[in-house]
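Chemist: Can you keep this structure in mind? I'll have questions shortly.
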Amino acid sequence: MGSSAKRKKEKKQDFQKPKLKVGKTKPKAANFTSTSFKAKSIVLTQSTLSTTAPSLDAQILHNVSLFKSKSDSQRKDALAFITNAIMEHRKGFPYQVGEIFKEACKLLLDRSDGVRNELLKLLTQLPAVEVTIHIAEPLLRIRAGMTSLAKGIRFTSYDALIWLLKSNGEEVVSSVGTWVKYLQSFQSAFAFHAKDPAIATNTSGWSTLPSSVQPIGSNDSKVLMKQIQALESFLRAGLIQTGEDSEVLAAQSAARSFPLWHTEYHTMPTRSKPFARLNLFGPPRSAEDEMYDDVDERRRVFAELGLYRTFAHGIKTLRKQGGEVGRAASQVEKVLAEGMVDWDEDKEYEVAF
Amino acid sequence: MGKRKVGALEKVDADLPNLQHKIRRDPLSYQDDFSNQWNQYRSLIDVYLQSPSTSDDASIVSLRELIDFVSHVADCYPRVASGFADDLKNLLASHHADLESELRDKVVGSLVLIRKKEIIDSATLLTTLFPLLLTTASKSLRVLLFQKILSELRTANSKSTNHRLNRQVQTLLYDLLASDPTSPKGIWAVKLTRELWKRQIWSDTKAVEIMKEAALSQNEKVVCGGVRFFLGGDKEREEAAEESSDDDDTVDMAKLKHQAGISKKTKKKAADLKKAAATVKRKERKKKAPHPLNFSALHLLNDPQGFAEKLFFQHLYPQHPKVRLNLEQKLLVLQLVSRLVGLHKLTLIQLYSYFLKFLTPRQPSVTSFLASLAQATHNLVPPDALEPLVQKVANEFVSEAAAAEVASAGLNAIREICVRQPLAMNETLLQDLVMYRKSKDKGTMMAAKGLVSLYREVGAELLKKRDRGKEAALGLRSGALKERRFGESEEGGIEGLDLLEKFKEEERQRKRGEKGLPEDDDDDEALRIAEEEQEEVEGWKNWDAEDDDSDDSGGWINVESDGEDINISDSDDEKPPPAKKLRTSPSPTPKNGEGNDEKKQPSATPDPTTTAQRVVAISKLATTRILTPADLAKLNELRTQASIQSHLPAARRKQLQVAAQAAASRHADDAITAETISGLAALSSKATREEKIAHARGLKPGEQREKHQSTTAMRKAKKEAEGKSTTNKEKARKKNFLMTLGKAKRKGKRSLVETRKVLRGHLERQKRGGKRGNKG
């Protein structure tokens, strides 16, 4: 019929010629359906067709490749398999553990809780010597995880840090750019603020919040406990001299291999990046990026950057909270006191600023 | 068991947008959260930099999200996030080749974003992006970068012209072209400049300099880009301006007002109406705004002579030029050179001999060569440089044996050359060519006739007596028609000045008549001078008043000079523009009084004597007096009056003549194309019946008539298109069937008038024989 004005208009629109302009893209038709798609890779739910692969070697290789799988459960299963394999074949493990460790570390920031828990289990099974060489791999990721928004990732990171410090404490704190950056991460994770007025002038108004205000999502006491524990082990590893003096150690090792001289320089290095200190190829390092492989040096930096004051103050407030947290905080305080016992704070402070 | 309620930020780490939103609202309270994320971002960057090529997907995704997050809130924490811009710049500069594409695009986008937040300035952004544009191998990245650079330059120039930035970028582009003329990277300079020219962001000499450098470079793509710019850049700019002006859909104010009267009145609708009114007003103002002075690129050229010479001797003249251009590209360069020569009246003698070898009918696209030749001709080209060319065209193209198209193209080309330089023709050749007037082929015949009519005006003595025509013969006899010698140029004048003079004289006589004085009395000199002075003072009085009603203050545009003067070529110096004498300085100079004294004599003898004297008298008015604003206004009025009068049938013929003359001396700015040369060839072949019909219908060749329709339908469509309504009858006929039922039921209740109408209708139909009638 087409009598109503609306209908007429509609009809007219049907017969209108679209105005075409040169150089402009042609207008899409009303019933246009986009058929474009994006694909990176095709994920098959069953990528393993046969599990009766005979050799352990091949199975490990396959499972390590599954670390990159899209499916959570597959990653988890792969980790579990590797853990079992390492446990069963402690002697004569057919694959380089260091390589597995490197691959596994990429899962530290994984989104699935199960995968991360399984990863922690695997990590505890790894021999400390193998870890030492590849220590740079997990350090960066753990630091990223410490301040993540997701609680689970934070929890795992602290766990992994505690484990790493337990097995390779000295190596961790003396790596390139670890000491200062980790302390800064801890500071921001605890929301400690530089209370000192001399430092507060730099911060110009940003540190006005009371330190009892916790950042969002971090006020879970379980995570907080973990965090305090991790801090304690970190400070312990960094500030307190373990074992004997290096000179004594050197003398001992020389005595052990008596007829030979400087044996350790001719063997494979036992630590990661033995020449990193020289910084042969990298850009010049700032105070943050520098490596501090001496306890005294670490102490000096700790005090000079004002971190000592901040931490001491922050821990004191935490201790005042009492309870479990307070008890843990008092442990940290003890470590601080022990580590900085012969440090004349005021004197060094003058030097620094 | 109910689900535990989780806090907003506890849920997942995909909650960065949430945190971002909160930070935007209250940056102070969320500083710790930001610094946590900042630390995470820093560590992820470190992770990435450790092994840029083998990073895993997950960390790349989270890095991308974090970069996005930080770039959105970085302006809230300038101290914490101080290194952000440098991070991004380094990341892009050193790893653009192996960055994952999405992450790479995000980094580019973030840089643009923090530029918008004014964390970095445009110069930094452009100096980061531009080198990338040149080096990257990825096409998608190049597209993205080009678009970002362009939009950055547009926004930087949106409020007011950012001269500093423009200069910086222009220098960058210029250096790019100048530093390595052989590299193909110069194409980016060309693309960028052309785009900015098109959008009227750059319209200064510096941009033209860049293109000039491009045209003289040694890469064929760059050369073509530069040359095409000069040939088509201005047209493109005009089209873009037109498009943007008709792009914005027009608001029909009347319709809106009408609707507002009918539909429900709400605050929203009122606001809409107000907004529409504001839009219309703005658009109106924009339309009335003075047109920005856009000089064509060809006019902004500094040293066109040098440019034309370099172009010619670099790309065309040598046997083995540095850049091998194919024929099409060579033609482009040739077009530009000849355009420059014709427009600026340059002297480039070698150019004409260069043409010689191309002027054979077998040469591909010879019409383009002919067009270029005609374009390169102007009245200051020595005739002996052109004569061999004309001779060759005549020999090669125009003969009885040649095809009709060839002959007409040759004749047409000769005519186009001779329009510009009539002295290029000699008597024997012309008389020979004129014979083709009798050709059977229509195209050739028309072309030859064109030549005859041209020489009747510019050089009648070259024609045989019987070809000269009446007017030319009379003109020759009276001496009015003289051959112009080489280098002689026409003296200019002010159009309608004679009318003004005549008007003034009449006015003076009328006044004298009113006062009772004898109309023609030239004894009373003092009185006359006094009268004129008084008149002049009155004329100046009007100055301010007129000043006000023309919207002057907004109307002036400051045209900024770049500190470089436009070079005026030598040929221009020879004839000072006559209009300069007409300066209307607001304070009358002492010269004014002197001028009046000098003027006495010619205006005191009003009786028309010989034409020569009259010409002198006219020119005196402009040269001896400063025309007051009142004079100028009157002049304008008289001019329009005269033009209206000329529409009367008596003046028709004269007017036609003038129009023909105008067509003959086409505007110097317009290019001559191959179509102009080969146009008449269309006349040679007989049109088919279809073509004739199409021509009669006013359709272009190849166009189809839309559809077959009845006249009524066409009329109706036309009415509808005009926005008119239908008739009542039409409405009744189209009325919904269900709506008519009620009325049909009430047949018994019809009014007397209705009954009468029905009965009458019945009778009528009977008489006609049915509803439609039986008239066949």
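Chemist: In this structure, does B:L301 turn out to be more than 16 Å from B:E213 (Cβ to Cβ), at pLDDT 85 or above and surrounded by 13 or more Cβ atoms within 10 Å (Cβ to Cβ)?
Modeler: no
Chemist: Which of the residues that make up the range B:27-64 are hydroxyl-bearing (S, T, Y) and within 8 Å of chain A (Cβ to nearest Cβ)? Spell out the reasoning first.
Modeler: So in the range B:27-64, the residues hydroxyl-bearing (S, T, Y) come out as B:29-30, B:35, B:41, B:43, B:48, B:51, B:53-55, B:59, B:62.
Across the range B:27-64, the qualifying residues are B:S29, B:Y30, B:S35, B:S43, B:S59, B:S62.
Chemist: State all residues of the range B:369-410 that are in contact (Cβ under 8 Å) with a residue 60 or more places away in the chain, over 21 Å from B:P304 (Cβ atoms) and surrounded by 24 or more Cβ atoms within 10 Å (Cβ to Cβ); if no residue qualifies, say none.
Modeler: Passing the criteria: B:L370, B:S408, B:A409.
Chemist: Considering every residue within the range A:185-195, establish whether at least one is away from every other protein chain (no Cβ under 13 Å) and surrounded by fewer than 23 Cβ atoms within 10 Å (Cβ to Cβ).
Modeler: Here is the first cut: in the range A:185-195, the residues away from every other protein chain (no Cβ under 13 Å) are A:195.
Add one more test, that the residue is surrounded by fewer than 23 Cβ atoms within 10 Å (Cβ to Cβ), and what stays is A:195.
There is at least one residue in the range A:185-195 that is away from every other protein chain (no Cβ under 13 Å) and surrounded by fewer than 23 Cβ atoms within 10 Å (Cβ to Cβ).
Chemist: Pick from the range A:129-149 the residues that are within 22 Å of A:A80 (Cβ to Cβ) and more than 13 Å from the chain's Cα centre (by Cα): which of them is farthest from the other protein chains (Cβ to nearest Cβ)? Spell out how you get there, then give the answer.
Modeler: Here is the first cut: in the range A:129-149, the residues within 22 Å of A:A80 (Cβ to Cβ) are A:130-131, A:134, A:137-138, A:141-142, A:145.
If we keep only those that are more than 13 Å from the chain's Cα centre (by Cα) too, we end up with A:130-131, A:134.
On the way: A:E130: 19, A:V131: 17, A:H134: 12 Å.
So, considering only residues that are within 22 Å of A:A80 (Cβ to Cβ) and more than 13 Å from the chain's Cα centre (by Cα), the one farthest from the other protein chains (Cβ to nearest Cβ) is A:E130.
Chemist: Hey, another quick one. Considering the range B:257-315 alone, what residues qualify as being assigned to a loop (DSSP other than H, G, I, E, B) and under 24 Å from the mean Cα position of the chain (by Cα)? Show your work before the answer.
Modeler: Start the filter on the range B:257-315 by keeping residues that are assigned to a loop (DSSP other than H, G, I, E, B), which leaves B:263-266, B:289-296, B:301-303.
B:A289, B:P290, B:H291, B:P292, B:L293, B:N294, B:F295, B:S296, B:L301, B:N302, B:D303 - these are the residues of the range B:257-315 that are assigned to a loop (DSSP other than H, G, I, E, B) and under 24 Å from the mean Cα position of the chain (by Cα).
Chemist: If I filter the range B:219-226 for residues that are over 20 Å from B:L343 (Cα atoms) and loosely packed, with under 13 Cβ neighbours inside 10 Å, do I get at least one hit? Outline the logic, then answer.
Modeler: Of all residues in the range B:219-226, those over 20 Å from B:L343 (Cα atoms) come to B:219-225.
Still in the list and also loosely packed, with under 13 Cβ neighbours inside 10 Å: none.
The answer is no, given that none of the residues of the range B:219-226 is over 20 Å from B:L343 (Cα atoms) and loosely packed, with under 13 Cβ neighbours inside 10 Å.
Chemist: When the residues of the range A:112-133 are narrowed to those that are of a type outside the set (S, T, Y) and modelled with pLDDT under 85, which ends up surrounded by the most Cβ atoms within 10 Å (Cβ to Cβ)? Give the derivation first.
Modeler: As a first pass, look at the range A:112-133 and keep what is of a type outside the set (S, T, Y): A:113-123, A:125-131, A:133.
Checking the rest, the ones that are also modelled with pLDDT under 85 come to A:127-131, A:133.
Numbers: A:P127: 14, A:A128: 11, A:V129: 12, A:E130: 15, A:V131: 22, A:I133: 19.
Ranking the candidates gives A:V131 first.
Residue by residue, here is whether (1) out of contact with any helix residue (DSSP H, G or I) (no Cβ under 6 Å at 6 or more places or on another chain); (2) within 21 Å of B:A58 (Cβ to Cβ) holds:
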{"position": "A:N63", "(1), (2)": "no, yes"}
{"position": "A:S69", "(1), (2)": "no, yes"}
{"position": "A:Q74", "(1), (2)": "no, yes"}
{"position": "A:A78", "(1), (2)": "no, yes"}
{"position": "A:I82", "(1), (2)": "no, yes"}
{"position": "A:I86", "(1), (2)": "no, no"}
{"position": "A:K91", "(1), (2)": "yes, no"}
{"position": "A:G98", "(1), (2)": "no, no"}
{"position": "A:K102", "(1), (2)": "no, yes"}
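Chemist: Being free of Cβ contacts under 8 Å to residues at least 24 places away in the same chain, surrounded by 13 or more Cβ atoms within 10 Å (Cβ to Cβ) and within 27 Å of B:S399 (Cβ to Cβ) is the filter here, so list the residues in the range B:454-488 that pass it.
Modeler: B:R456, B:A460, B:E461, B:R468, B:G469
Chemist: Out of all the residues in the range A:306-325, is one or more closer than 26 Å to A:T178 by Cα, in a loop (DSSP other than H, G, I, E, B) and among the polar types (S, T, N, Q)?
Modeler: No, the range A:306-325 contains no residue that is closer than 26 Å to A:T178 by Cα, in a loop (DSSP other than H, G, I, E, B) and among the polar types (S, T, N, Q).
Chemist: Being at pLDDT 75 or above and crowded, with 17+ Cβ neighbours inside 10 Å narrows it down to one residue among A:L305, A:L280; which is it?
Modeler: A:L305
Chemist: Inside the range A:1-93, counting only helices (runs of 4 or more DSSP H) that do not spill past its ends, which hold 1 or more residues that are loosely packed, with under 10 Cβ neighbours inside 10 Å and modelled with pLDDT of 85 or more?
Modeler: In the range A:1-93, A:5-15, A:72-88 are the helices (runs of 4 or more DSSP H) which contain 1 or more residues that are loosely packed, with under 10 Cβ neighbours inside 10 Å and modelled with pLDDT of 85 or more.
Chemist: May I pose another question? Filter the range B:367-406 down to residues that are closer than 21 Å to B:G679 by Cα, at pLDDT 90 or above and small (G, A, S), then give me how many there are.
Modeler: So the count comes out to 6.
Chemist: With within 14 Å of chain B (Cβ to nearest Cβ), surrounded by fewer than 21 Cβ atoms within 10 Å (Cβ to Cβ) and in contact with a strand residue (DSSP E or B) (Cβ under 8 Å, 6 or more places away or on another chain) as the only criterion, which of A:V176, A:V180 stands out?
Modeler: Details: A:V180 fails: in contact with a strand residue (DSSP E or B) (Cβ under 8 Å, 6 or more places away or on another chain).
Among A:V176, A:V180, only A:V176 is within 14 Å of chain B (Cβ to nearest Cβ), surrounded by fewer than 21 Cβ atoms within 10 Å (Cβ to Cβ) and in contact with a strand residue (DSSP E or B) (Cβ under 8 Å, 6 or more places away or on another chain).
The values are calculated or read from the model by the stated rules, or taken from the named source; none is laboratory data. Please read these numbers as outputs of a predicted model, since none were measured by experiment. As a convention, Cβ positions derive from the backbone with ideal geometry for all residues, glycine included, and neighbour counts pool all protein chains shown.
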